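All remarks here apply to the structure that follows.
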Ligand code: AMP
């Protein structure tokens with residue numbers, strides 16, 4: 001039975017509770033003066049790896065978190081360490097947005113370096129909503145993948161994943177090494193306690209650049225326009241079905 005070496009990629013994104021504002025150029029969202037946090041689906045991925053370790057004593061050899069982003073992405077790695085990750089890597093790429101294929105190529109190098117045999121990612125980053133990185137990484141590594149996981153069970157080298165699909169659930173099984181992406185209902189992430197936040201400051205945080213991994217960062221897509229959804233007109237309250245029908249007729253909706 002293989003010991004688990006789990007890799008959890010965590011992205012730093014604008015906090016989910018903040019309503020993003022579009023920048024003046026209309027090419028992205030305003031990032032200045034905004035609170036950033038760990039991407040919620042990545043937090044779920046980290047939580048799942050911690051639960052696997054807690055539920056299977058001695059099975060997990062390492063939980064390694066990795067983030068690709070600006071120097072400030074260290075903050076999400078410190079949070080991961082405070083919650084229970086053993087070690088982390090920051091790949092500092094500055095402020096540039098990196099496309100999922102380049103992210104997946106860098107993650108592939110970290111998988112090789114850390115000898116990971118289970119990778120748990122978020123199903124999507126809430127900033128680009130790409131929903132691509134896990135799938136591309138599975139392609140690059142030629143590993144089996146289970147996306148949108150709502151339940152994960154491990155027995156020896158066999159991993160069973162229940163996936164959320166339209167109108168039901170789909171259960172898959174595969175042998176390690178494997179890639180899993182997390183859905184919202186997989187678990188509820190814990191908070192980091194203050195003593196653990198303090199202890200995390202002493203845990204390992206390795207810093208690399210894309211060039212250290214011999215990866216060239218070439219984006220192939222250009223964002224032309226980012227728009228707010230159209231404003232909706234205010235609704236009208238009606239007292240009865242008759243009034244509703246009259247209103248719909250007035251609006252020529254029926
Ligand atoms: P995406 O394909 O961009 O929607 O992201 C899906 C998942 O890939 C995220 O939840 C993360 O687990 C991982 N990921 C994407 N971008 C990054 C990044 N810059 N750093 C670390 N992990 C990332």
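The values are calculated or read from the model by the stated rules, or taken from the named source; none is laboratory data. What you see is a predicted model; the values in this text were computed from it and never measured. A quick note on method: Cβ atoms are made from the backbone with ideal geometry, for glycine too, and the neighbour counts reach across all protein chains shown.
Hey, any hits in the stretch 195-213 for a residue that's within 16 Å of the ligand (Cβ to nearest atom), within 30 Å of residue 21 (Cα to Cα) and surrounded by 14 or more Cβ atoms within 10 Å (Cβ to Cβ)?
Within the stretch 195-213, one or more residues are within 16 Å of the ligand (Cβ to nearest atom), within 30 Å of residue 21 (Cα to Cα) and surrounded by 14 or more Cβ atoms within 10 Å (Cβ to Cβ).
Residues that are in contact (Cβ under 8 Å) with a residue 12 or more places away in the chain, in contact with a helix residue (DSSP H, G or I) (Cβ under 8 Å, 6 or more places away or on another chain) and closer than 18 Å to residue 97 by Cβ: does the stretch 20-37 have at least one?
Yes.
For the stretch 162-184, give me the residue count where each residue is surrounded by 15 or more Cβ atoms within 10 Å (Cβ to Cβ) and more than 16 Å from the ligand (Cβ to nearest atom).
5
Look through the stretch 120-139, keep the residues that are part of a helix (DSSP H, G or I) and either more than 18 Å from residue 183 (Cα to Cα) or out of contact with any helix residue (DSSP H, G or I) (no Cβ under 7 Å at 6 or more places or on another chain) (or both), and return whichever of them is nearest to the ligand (Cβ to nearest atom).
My answer is 134.
Among (1) in contact with a strand residue (DSSP E or B) (Cβ under 6 Å, 6 or more places away or on another chain); (2) surrounded by 17 or more Cβ atoms within 10 Å (Cβ to Cβ), there is one condition residue 43 misses while meeting the rest; what is its number?
For residue 43, the failing item is (1).
Go through the stretch 22-40 and give me each residue that's more than 16 Å from the ligand (Cβ to nearest atom), under 22 Å from residue 90 (Cβ atoms) and in contact with a strand residue (DSSP E or B) (Cβ under 8 Å, 6 or more places away or on another chain).
34, 35 - these are the residues of the stretch 22-40 that are more than 16 Å from the ligand (Cβ to nearest atom), under 22 Å from residue 90 (Cβ atoms) and in contact with a strand residue (DSSP E or B) (Cβ under 8 Å, 6 or more places away or on another chain).
Going residue by residue through the stretch 100-109, is there one that turns out to be assigned to a strand (DSSP E or B) and within 12 Å of the ligand (Cβ to nearest atom)?
No, the conditions are met nowhere in the stretch 100-109.
Assess whether residue 69 counts as being modelled with pLDDT under 95 and either farther than 25 Å from residue 104 by Cβ or touching a helix residue (DSSP H, G or I) at 6+ places or on another chain (Cβ under 9 Å) (or both).
no
Does the stretch 83-97 include one or more residues that are under 20 Å from residue 182 (Cβ atoms), assigned to a helix (DSSP H, G or I) and touching a residue at least 24 places away in the same chain (Cβ under 8 Å)?
yes
Give me a count of the residues in the stretch 1-37 that are more than 13 Å from residue 75 (Cβ to Cβ) and part of a loop (DSSP other than H, G, I, E, B).
20
Scan the stretch 1-15 for residues that are loosely packed, with under 13 Cβ neighbours inside 10 Å and either within 15 Å of the ligand (Cβ to nearest atom) or free of Cβ contacts under 8 Å to residues at least 60 places away in the same chain (or both) and report the count.
Here the count works out to 1.
Out of the stretch 171-212, which residues are under 18 Å from residue 100 (Cα atoms), modelled with pLDDT under 95 and touching a helix residue (DSSP H, G or I) at 6+ places or on another chain (Cβ under 9 Å)?
Selection gives 210 alone.
May I ask you to list the residues in the stretch 72-93 that are out of contact with any helix residue (DSSP H, G or I) (no Cβ under 7 Å at 6 or more places or on another chain) and crowded, with 19+ Cβ neighbours inside 10 Å?
73, 76, 77, 79
Among the listed residues 148, 142, 117, 187, identify the single one that is away from the ligand (no atom under 16 Å from the Cβ) and touching a residue at least 12 places away in the same chain (Cβ under 8 Å).
117
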